[in-house]
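Before any comments, here is the structure.
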Amino acid sequence: MTTFNVLLICGGGSAEHDVSVLSANFFESSLLQSNKINLLRVELDSSGHYFDSEGNSCELTNRCEVRFDNDVKAPWAVDYVIPCIHGFPGETGDIQSYFNLIQLPYFGCESEASSNCFNKITAKMWFSALGIPNTPYIFLNDYNQSAIEQTQAALSKWGSVFVKAASQGSSVGCYKVDSQEQIAQVLKDAFSFAPSVVVEKTIIARELEVAVYEYQGKVIATLPGEIICADNTFYTFDEKYNASSKARTDVVAGNLSQQNIDKLREYALKAFTGMKLRHLSRIDFFLTDNGEILLNEINTFPGSTPISMFPKMMQNHGENFTDYLVDNIETQLTSLNTIR
């Protein structure tokens, strides 16, 4: 039987480091259920240093090997890598660029697709180019008086807005603004997280999510799930990942017409294929009271913590997460003829 040396990288040092570690726990437990996988897990810190589970410092070399400092362990040849990293440098496409450079096969979306989805401005341009409705917005590239005035005008026009750092995930650098007095400080805060900012019209709507993934040669879109937040709140970082969260997640959204279900899945598949995504994604939508569907954002490496929607929706669709991972690893390595 052929086995594969799989490197699982987690952390990354961003604001989502700890959540990436939690997601890696799920990936690790799933991979250890397969006798086809030899697994090595390492954690990447904010300085770019790798450490294994015993705290040994190591590096991933351009020869596709994990080498340990002071040779405390023998070099470990890597067939395949899973970058379980939310935010920088995983969902931004940075670490995938390195994998491409050293010709190391990896799980998840490729570098360009990751970058396009992570930057909210680029992503919205792609959504519009693909003909997928999305939330009205303006784009700001500097924190100055003009940015304040543009945001003031948007708030006057729309009544309420969200100010979002353009290149952050999991609602990091995201603020709901309902009064003119908030604008200057909120913009300053948002620009502290990213060099560009998006100001979006606040949409009063249901928040729906579709898991889209590749399995056994097919691209699959699940039934929509739903995030239900407390009144007058939005799905913040803490609400997503804190055990005391008051938000409710329904793996299958209730009270949806078949027409809306079909349209949500159609848009999700269109975004996945049109933006050249690979292996996995969670695609988030708004559904307004008048039936308007708007694409909100795409997560190219969705959370896989005990309360995360992506693995729950996949399981509800009938897939086993271990089988899904091994199928993608085997398929990719076989196609590349890189099995050692």
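The values are calculated or read from the model by the stated rules, or taken from the named source; none is laboratory data. Since the model is a prediction, treat every value here as computed from it, not as a measurement. Cβ coordinates were reconstructed from backbone atoms using ideal geometry, including for glycine residues, and neighbour counts include every protein chain displayed. Just so you know, the surface numbers come from the protein's heavy atoms only, side chains and all, with ligands and any DNA or RNA stripped out. Shrake-Rupley method; radii C 1.70, N 1.55, O 1.52, S 1.80 Å.
What to note about this one:
- Residue in the range 251-272 that is among the acidic types (Asp, Glu), assigned to a strand (DSSP E or B), farther than 17 Å from ALA113 by Cα and open to solvent by 10 Å² or more (accessible area, probe 1.4 Å) present: no
- Residue list for the range 177-194, restricted to those being of a type in the set (D, E, K, R) and either open to solvent by less than 70 Å² (accessible area, probe 1.4 Å) or in a loop (DSSP other than H, G, I, E, B) (or both): ASP178, ASP189
- Residue within the range 151-174 that is free of Cβ contacts under 8 Å to residues at least 60 places away in the same chain and within 28 Å of VAL326 (Cβ to Cβ) present: no
- Residues located in the range 117-157, provided they are farther than 25 Å from ARG265 by Cβ and open to solvent by less than 30 Å² (accessible area, probe 1.4 Å): ILE121, LEU140, ALA147, ILE148, THR151, ALA154, LEU155
- Test: residue in the range 36-58 that is touching a Ser or Thr at 6+ places or on another chain (Cβ under 9 Å), surrounded by fewer than 15 Cβ atoms within 10 Å (Cβ to Cβ) and in a helix (DSSP H, G or I): no
- Failed criterion for CYS64 (all others in (1) over 21 Å from LEU325 (Cβ atoms); (2) over 18 Å from the mean Cα position of the chain (by Cα); (3) not small (Gly, Ala, Ser) hold): (1)
- Condition met for ILE293 (of a type outside the set (Ser, Thr, Tyr), closer than 14 Å to GLU209 by Cβ and crowded, with 24+ Cβ neighbours inside 10 Å): no
- Where helices (runs of 4 or more DSSP H) sit wholly within the range 77-137, those with at least 1 residues that are basic (Lys, Arg) occupy 120-129.
- Residues of the range 29-45 satisfying the condition of being touching a residue at least 12 places away in the same chain (Cβ under 8 Å) and under 15 Å from TYR324 (Cβ atoms): SER30, LEU31, GLN33, SER34, LYS36, ILE37
- Near pairs, Cβ below 9 angstrom, 6+ apart or cross-chain, from the range 238-257 (at pLDDT below 65) to any residue that is β-branched (Val, Ile, Thr) and not in a loop (DSSP other than H, G, I, E, B): GLU239/ILE227; LYS240/VAL19; LYS240/ILE227; TYR241/VAL19
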